[in-house]
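Bear in mind these aren't lab numbers, they're just calculated from the coordinates by the rules spelled out. The model shown is predicted, which means the values in this text are computed figures rather than measured ones. Every residue, glycine among them, receives a Cβ derived from its backbone with ideal geometry; neighbour counts consider all protein chains shown.
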Amino acid sequence: MAVISYIQAVTQALREEMQRDEKVFVLGEDVGKRGGVFRATDGLYDEFGEDRVLDTPLAESAIAGVGIGAAMYGMRPVAEMQFADFIMPAVNQIISEAAKIRYRSNNDWSAPITIRAPYGGGVHGALYHSQSVEAVFANQPGLKIVMPSTPYDVKGLLKASIRDNDPVLFFEHKRAYRLIKGEVPEEDYTLPIGKADVKREGSDITVITYGLCVHFALQAAEKLAEEGIDAHILDLRTVYPLDKESIIEAASKTGKVLLVTEDNKEGGIISEVSAIVSENCLFDLDAPVQRLAGPDIPSMPYAPTMEKHFMMNPDKVEKAMRDLAEF
Amino acid sequence: MAENRHKDLGLTDEQVLDMFRTMLLARRIDERMWLLNRAGKIPFVISCQGQEAAQVGASYALDRDKDYALPYYRDMGVVLSFGMTAQDLMLSGFAKAEDPNSGGRQMPGHFGQKKNRIVTGSSPVTTQVPHAVGIALAGKMEKKDFVSLVTFGEGSSNQGDFHEGANFAGVHKLPVIFMVENNKYAISVPVSKQLACEKVSDRAIGYGMPGYTVDGNDPLAVYEAVKAAADRGRNGEGPTLIETVSYRLTPHSSDDDDRVYRERDEVDEAKKKDSIVTFANYLREQGILTEEKETELNDEINQIVNEATDYAENAAYAEPESAMKFVYEE
């Protein structure tokens, strides 16, 4: 099996889906000739031409809205928001339109659009190139939000998102793009949206997280294993709607639960995970549910000192895991 | 006898009479809905009155077997022209399960019916504009020759989605007809407080498309403008912006009281130009709408509206638990 990077898995999934189905097309800012500012659509313009790798005007609501229109017609648009931070002008199109089109038309119409966006910090991106925006959308029934952690999951879940008959927000951690590499089969495969994945089996503590933080938890778990602490790690993969069954199973398994996100602490995905654990696992818990998250400040500052203070890292995760194990 | 204007447009006597019939049907359904609302039978009405000529004139200029309509909440004339029935509309008014627009999930005026290519809409205004552009883009990619007609009010022409959508269509030369139904009011705010330019159509130049302002009370003028725009679109010449100027004859909705922001004289003056009156006069002058024909038409429409009302009133509501369905594909 070939080892490729996280972003190569994005490109591979897009290319294969565009080869498989001519209704699949890409639209966004700089996705064409430039191949995307992160190079996620590298080579697609040459292979599929400007009609299927569409450079749009700089206007995010139109990128989403035009994509939604094409999806309602029967196409399979993959819209790119250059940075997740810039999705805000498109929120009305995503929440008022994409999320509700099937419901409001009583199943007459649907909007099978995939909206990709790089999120997350640790790249000197400051306030507006570092944000995690999943919580903005994670209480909107009708939407699905996928946030993969590995190249294998990226490819399988991006293909599944494109083939899904409902709108999917696909958030890719921009620092993972070149940092994270992994084995990816060359043949076609998909992974189920809505299913979490156990990334490490363990029996002492449970870490539930998603995205780049999965890797921080895995690294911390290896260190802690040397101290005799055996961590169970659940990767949510889909953060909305949540895989309640897997969350309950993972939490009940060890009775000690640490929830990790790079997003702000209050009102985020892990807050909902915490509620699910509280509602369902009271008698299996041996410690209070712990949340490790970014601070509740507007976004990640630019200066390296402050950025580091905000950003999640393996050391922070390791400390929180050890504290919980020792509870 | 007055000049025959419709023959020059390629319209037969039968076609113009049919246009009038659809305008009148829209008006009578709308009027009935107000009565039902005031009688406490339906909770909400939002009106097409005063805009029927623009809506029907535009729709009849299209190929209603392949073109797409993305109406806004006043467009009863558009959806009737595209194949929705009086019964469908009454089912929507009463929020009954059989309502093809939404199964009783949305307020009346939130149209959608896939089989007639009427694209589902919402309440936040102007969101349908980029959708029309996306549908036209898909048609271009699939090498189809349909056009999409998207309508909205003059107030909505201030929304970002209008500007973003118009620019996108202009850049990619897509077959979209942007039709602004300028009825002079965005709820209570007059056009003078909505636009810094003289006409909405002045905005077209910024998006590389032609813009025209036509009399929205004249279905033939609207027909002519939209026909030319559809031809342009099908020929690959790109989008067109058309502004139809008429007047909103009713309050904004059944929950509005327009007496607090506009004079009765102004409304009375506008009623003199009401297309239901003026187009009927034209058809009488042409000898198309004879006294006999008019009686027949009124009786027929009255019967349609009565039957639609009775059917919808007696139809079943959706089961409460059905509210849980169709969040995602099932």
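Filter the chymotrypsin sites (Phe, Trp or Tyr not before Pro) in region A:78-151 down to the DSSP loop ones having no more than 15 other Cβ atoms within 10 Å, then list what survives.
Working: sites: A:Phe83, A:Phe86, A:Tyr103, A:Trp109, A:Tyr119, A:Tyr128, A:Phe137; in loops: A:Phe83, A:Trp109, A:Tyr128.
Hits after loop and neighbour filter: A:Tyr128.
Cross-link pairs exceeding 19 Å in C-alpha to C-alpha distance, out of A:Lys223/A:Lys265; A:Lys144/A:Lys181; A:Lys155/A:Lys199; B:Lys66/B:Lys114; B:Lys66/B:Lys143, comprise A:Lys223/A:Lys265; A:Lys144/A:Lys181. Among A:Arg104, A:Arg39, A:Arg163, the largest mean-square fluctuation in a Gaussian network model of chain A, built with springs joining Cα atoms closer than 10 Å, belongs to A:Arg104. Loop-located GluC sites (Glu not before Pro) in region B:202-267 (DSSP state not H, G, I, E or B) with no more than 11 neighbouring Cβ atoms inside 10 Å: B:Glu263.
For A:Lys319 and B:Tyr261, what is the calculated FRET efficiency with R₀ set at 45 Å and r taken between the beta-carbons, to the nearest 0.05?
On the way: r = 63 Å, r/R0 = 1.40.
So, using R0 = 45 Å, E works out to roughly 0.10.
I need the chymotrypsin sites (Phe, Trp or Tyr not before Pro) found in region B:158-264, filtered to DSSP loop residues with at most 15 other beta carbons within 10 Å of theirs. Before the final figure, lay out each step's value.
Numbers: sites: B:Phe162, B:Phe168, B:Phe178, B:Tyr185, B:Tyr207, B:Tyr212, B:Tyr223, B:Tyr247, B:Tyr261; in loops: B:Tyr247, B:Tyr261.
In loop regions of region B:158-264 (DSSP not H, G, I, E or B), the sparsely surrounded chymotrypsin sites (Phe, Trp or Tyr not before Pro) are B:Tyr261.
For a test of the definition: using alpha carbon positions, the gyration tensor, and the 1.5 limit on a/c, classify region A:197-325 as rounded, prolate or oblate. Oblate, because a/c is 1.5 or more while a/b does not exceed b/c. Answer rounded, prolate or oblate for region A:37-144, using the Cα gyration tensor with square roots of eigenvalues a ≥ b ≥ c: rounded when a/c is under 1.5, else prolate when a/b is larger than b/c, else oblate. Oblate, since a/c reaches 1.5 and b/c is not below a/b. Note on B:Lys96: aspartates and glutamates with a C-alpha under 14 Å away, same-chain residues under 8 apart excluded, are B:Asp88, B:Asp310, B:Glu313, B:Glu319. Residues considered: A:Leu127, A:Leu218, A:Leu44. Largest GNM mean-square fluctuation over chain A, using C-alpha springs under 10 Å, is found at A:Leu127. For A:Thr261, neighbours were defined as the other residues whose beta-carbon sits under 15 Å from its Cβ, and their charges (Lys and Arg +1, Asp and Glu -1) total -2.
Please sort through the DSSP H helices of chain B and keep those with an alpha-carbon extent of at least 18 Å along the long axis and a Kyte-Doolittle average not below -0.5. All intermediate terms of the calculation are to be shown ahead of the outcome.
Working: long enough: B:13-38 (38 Å, -0.41); B:128-141 (20 Å, 0.79); B:219-234 (22 Å, -0.13); B:291-314 (35 Å, -1.46).
Span-like helices here: B:13-38, B:128-141, B:219-234.
So for the protein assembly as shown, taking the charge dipole from beta-carbon charges (+1 Lys/Arg, -1 Asp/Glu), which of A:Ser105, A:Asn280, B:His172 sits furthest toward the positive end? Selected residue: B:His172.
Report the charge-dipole magnitude of the protein assembly as shown in Debye, nearest 20, computed about the Cα centre from +1 at each Lys and Arg Cβ and -1 at each Asp and Glu Cβ. Walk me through the numbers on the way to the answer.
Values: 71 positive and 103 negative charges, 162 e Å.
The calculated dipole for the protein assembly as shown is roughly 780 debye.
Around A:Ala117, under 12 Å between beta carbons, what's the net of Lys plus Arg minus Asp minus Glu among the other residues? Write down the numbers at each step before the final one.
On the way: positive: A:Arg116, A:Lys174; negative: A:Glu29, A:Glu60, A:Glu80, A:Asp85, A:Glu134, A:Glu172.
Cβ neighbours under 12 Å give a net charge of -4.
Classify chain B as rounded, prolate or oblate, taking a ≥ b ≥ c as the square roots of the eigenvalues of its Cα gyration tensor: rounded when a/c is under 1.5, otherwise prolate if a/b is larger than b/c and oblate if not. Please report the intermediate quantities before stating the final value.
On the way: a/c = 1.32, a/b = 1.07, b/c = 1.23.
It comes out rounded by the Cα gyration axes.
Computed from backbone phi, the HN-Hα couplings of region A:158-170 come to 5, 4, 5, 5, 5, 7, 5, 8, 10, x, 10, 8, 10 Hz, rounded to whole numbers (Karplus: 6.51 cos²θ - 1.76 cosθ + 1.60, θ = phi - 60°; Gly and Pro given as x).
For A:Lys195, the aspartates and glutamates whose Cα comes closer than 12 Å to its Cα, not counting residues fewer than 8 places off in the same chain, are A:Asp153, A:Asp235, A:Asp243, A:Glu245.
Each Lys or Arg adds one and each Asp or Glu takes one away; over the other residues whose Cβ falls under 13 Å from the Cβ of B:Asn298, this sums to -3. Among A:Gln131, A:Gln140, A:Gln12, the largest mean-square fluctuation in a Gaussian network model of chain A (Cα springs under 10 Å) belongs to A:Gln140. Once the Cα atoms are used to define both axes, helix A:60-73 deviates from the longest principal axis of chain A by about 70 degrees. Give me the percent relative contact order of chain B, please, defined on Cα pairs under 8 angstrom at least 6 residues apart. 22 percent. Here the 3J(HN,Hα) profile of region B:98-104, calculated from phi with Karplus coefficients 6.51, -1.76 and 1.60 at θ = phi - 60°, is 7, 3, x, 5, 7, x, x Hz, Gly and Pro shown as x. Normalising the average separation of contacting C-alpha pairs (under 8 angstrom, six or more residues apart) by the number of residues puts the relative contact order of chain A at 17 percent.
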